[in-house]
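See structure below.
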Amino acid sequence: MNFIKNKKGVSEIIGYILLIAIVVAISVFVYQFLKSYVPKESLTCPDGVTLLIPDYKYNCLENLLNFTVQNEGTFSIGGYFIHASNSTQEIATIDLTHYYTGTNQLSAGAISLGFANALDPGKIVPSVSNGFNLSIDPAVEGTLNKLEIIPMRYVVYQGKNRTASCGNAKISLPIDCN
């Protein structure tokens with residue numbers, strides 16, 4: 001009788017070992033499958049990307065912001081990400097793309113200047129194309145005191161246009177009411 005009990009225990013252990021082996025095999029397969037979706041190279045911008053804001057107008061009473069963008073770098077730019085901070089914040093966390101009223105398109109959370117890197121070095125995007133109406137959202141309290149603008153480029157990755165944030169070229173601009 002003891003012999004029968006021992007056999008039953010051995011088969012349970014073998015069952016657990018088989019179960020663990022199957023789980024490990026499936027997890028290796030899933031890992032290899034999902035690894036193919038993650039890019040091997042990061043989408044980065046070249047070091048020569050630089051934006052300049054030579055002129056801005058911020059009307060605190062009507063909560064309207066317009067500014068001129070100039071490409072001072074050596075590479076073309078496809079657009080920019082823009083965030084602001086108000087009088088109660090240190091870090092620029094207000095995404096201004098929700099309040100964009102300009103003539104350009106919105107793409108992947110950025111103001112896009114076209115389907116390619118359209119802003120060539122030395123070129124300017126006038127302030128009429130970069131308008132923001134913050135009065136449409138009462139959640140934006142207080143006046144803005146800082147803008148952070150990060151250039152964006154389109155990079156071809158695996159035959160498709162992808163957006164690459166040029167975080168190394170971020171500019172911070174303190175703003176006052178005009």
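Points worth noting:
- Looking at Asp95, Asp55, just one residue is modelled with pLDDT of 85 or more, more than 18 Å from Thr143 (Cα to Cα) and in the same structural domain as Asn168 (by TED's automatic domain parsing), and that residue is Asp55.
- Any hit, the stretch 151-168, residues being more than 23 Å from Lys40 (Cα to Cα) and not charged (D, E, K, R): no
- Within the stretch 77-90, being out of contact with any strand residue (DSSP E or B) (no Cβ under 6 Å at 6 or more places or on another chain) and of a type outside the set (D, E, K, R) holds for Thr88, Gln89.
- Each residue in the stretch 48-107 was checked for being under 17 Å from Pro174 (Cβ atoms), among the β-branched types (Val, Ile, Thr) and within 17 Å of the chain's Cα centre (by Cα), and 4 of them qualify.
- One residue stands out in the stretch 105-117 among those that are surrounded by fewer than 18 Cβ atoms within 10 Å (Cβ to Cβ) and touching a Ser or Thr at 6+ places or on another chain (Cβ under 7 Å): the one that is nearest to Gly159 (Cα to Cα), namely Ala108.
- Top-ranked residue of the stretch 80-104 - restricted to ones that are in contact with a Gly (Cβ under 8 Å, 6 or more places away or on another chain) and part of a strand (DSSP E or B), ranked as surrounded by the fewest Cβ atoms within 10 Å (Cβ to Cβ): Asp95
Per-residue answers, yes or no, for (1) out of contact with any Asp or Glu (no Cβ under 9 Å at 6 or more places or on another chain); (2) at pLDDT below 90; (3) charged (D, E, K, R):
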| position | (1), (2), (3) |
| --- | --- |
| Ile14 | yes, yes, no |
| Leu19 | yes, no, no |
| Ala25 | yes, no, no |
| Gln32 | yes, no, no |
| Glu41 | yes, yes, yes |
| Pro46 | yes, yes, no |
| Cys60 | no, yes, no |
| Leu64 | yes, yes, no |
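- Residue tally, condition part of a loop (DSSP other than H, G, I, E, B), within 16 Å of Thr93 (Cβ to Cβ) and not charged (D, E, K, R), over the stretch 143-177: 2
The values are calculated or read from the model by the stated rules, or taken from the named source; none is laboratory data. Keep in mind that what you see is a predicted model, and the values were worked out from it rather than measured. Methodologically, a virtual Cβ is constructed for each residue, glycine included, from the backbone with ideal geometry; neighbour enumeration extends over all protein chains shown.
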